[in-house]
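In what follows, a structure is listed as structure tokens, so that the remarks can point back to it.
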Amino acid sequence: MTTRPNPAKPALISDSGGALRVVAEGVPSAVRPDLLWDDGRRPVAWLHIAAPGRGTTPSAHSWCQCGRDLFAAGQARALALVTDHAQHRTSCPLRNSQEGKAA
């Protein structure tokens, strides 16, 4: 009968003078990627549309970190604000770098 070391206890390394092993036998030692990584992107502009149903007035609210804060009530004005918000996304100085552009 052979005696095997207990895998739950650190084994001794014979050639290093009794130093403890850092990883148990059979355990992968590769570092796993961090699942909570951050790629640096942050929301800059928001659009909230409320269309509750029949007999009520739809509304839209558009705001941005550059200081823009607009509100519209009514179907025609809310649709116009949605279009304006989409246009603002292409011209906002926080979303689009102004470096290298002609003055």
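Readers should treat all values here as calculations from the given coordinates under stated rules, not as data from a laboratory. It should be emphasised that the depicted structure is a prediction, and the values quoted were computed from it without experimental measurement. Cβ coordinates were reconstructed from backbone atoms using ideal geometry, including for glycine residues, and neighbour counts include every protein chain displayed.
A few notes on this one:
- Along the stretch 80-95 the Karplus relation, 6.51 cos²θ - 1.76 cosθ + 1.60 evaluated at θ = phi - 60°, assigns HN-Hα couplings of 5, 5, 4, 5, 5, 5, 5, 5, 5, 4, 7, 10, 5, x, 7, 8 Hz to successive residues, with x for each Gly and Pro.
- For Leu94 and Ala51, a Förster radius of 25 Å and the Cβ-Cβ distance give a FRET efficiency of 0.35, rounded to the nearest 0.05.
- Measuring r between the beta carbons of Ala73 and Val44 and using R0 = 25 Å, the FRET efficiency lands at 0.55.
- Other residues lying with their Cβ under 12 Å from the Cβ of Leu94 contribute a combined charge of +4, Lys and Arg counting +1, Asp and Glu -1.
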